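These notes are about the structure you will find just below.
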Amino acid sequence: MKGEAWLFTGTAAFFAVTAAVYGWFSPDPAGRAALCVSFGMSALVAAFLWRQRVRGGERPEDRKTAEVRDTAGRRLYFPARSFAPVLTAAGSALVGLGVVQGLWLCLVGFGVLLPGILGFAFQDLGHPQ
């Protein structure tokens, strides 16, 4: 994850510098807010990737002397089918529409969104020990 972590760290630094320069020269709050949100999102991904690198150790892709056969075998675990992504997507869309259309649709959206989030949080990952 070293390469990916450096990529997003550089992206976060770019947005931080751009937001500072933009904030200094422009009175527009919308552009400043967009750049700050972009910095926050890329910094969050960078922090996650650095943490995963520390937790998981070095991957074969991170070494310059690695060969293709070094990456053979099972390396990642993908859980079985889950209803959580569909419920989360539908609930998010309904909440977004509810903000525009009315409170009743927003409440229905939260009712659909909650089981999706709980499904993500409590699904059985079944990692091999």
Please give the length that would be gained between residue 37 and residue 64 if that part of the chain were fully extended, namely 0.36 nm times their separation in residues minus their C-alpha to C-alpha distance (nm, one decimal).
6.3 nm
Pull out a ≥ b ≥ c, the square roots of the eigenvalues of the alpha-carbon gyration tensor of region 16-74, then state rounded if a/c is under 1.5, prolate if not and a/b is larger than b/c, and oblate in the remaining case.
prolate
Dividing the alpha-carbon Rg of the chain by 2.2 N^0.38 Å yields what?
1.46
Using Cα pairs under 8 angstrom and six or more residues apart, how large is the relative contact order of the chain, in percent?
21
Residue by residue through region 51-60, which ³J(HN,Hα) values in whole Hz follow from phi under the Karplus form 6.51 cos²θ - 1.76 cosθ + 1.60 (θ = phi - 60°), with glycine and proline marked x?
5, 5, 5, 5, 6, x, x, 7, 8, x
Suppose every Lys and Arg Cβ carries +1 and every Asp and Glu Cβ carries -1, with no other charges. What dipole size does the chain come out with about its Cα centre, to the nearest 20 debye?
320
Dipole of the chain, positive direction: furthest Cα of 25, 114, 42, with charges on the beta-carbon
42
Carbon plus sulfur, as percent of the 1.4 Å-probe accessible area of the chain, comes to 70
Note to self: with every protein chain in place and a 1.4 Å probe, the chain gives an accessible area per residue in Å² of 75
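The values are calculated or read from the model by the stated rules, or taken from the named source; none is laboratory data. Bear in mind the structure is a predicted one, so any value in this text is a computation, not a measurement. In this analysis, Cβ positions are derived from the backbone assuming ideal geometry, glycine residues included, and neighbour counts consider all displayed protein chains. Quick note on the areas: whole protein, heavy atoms, side chains included, nothing else; ligands and nucleic acids left out. Shrake-Rupley method; radii C 1.70, N 1.55, O 1.52, S 1.80 Å.
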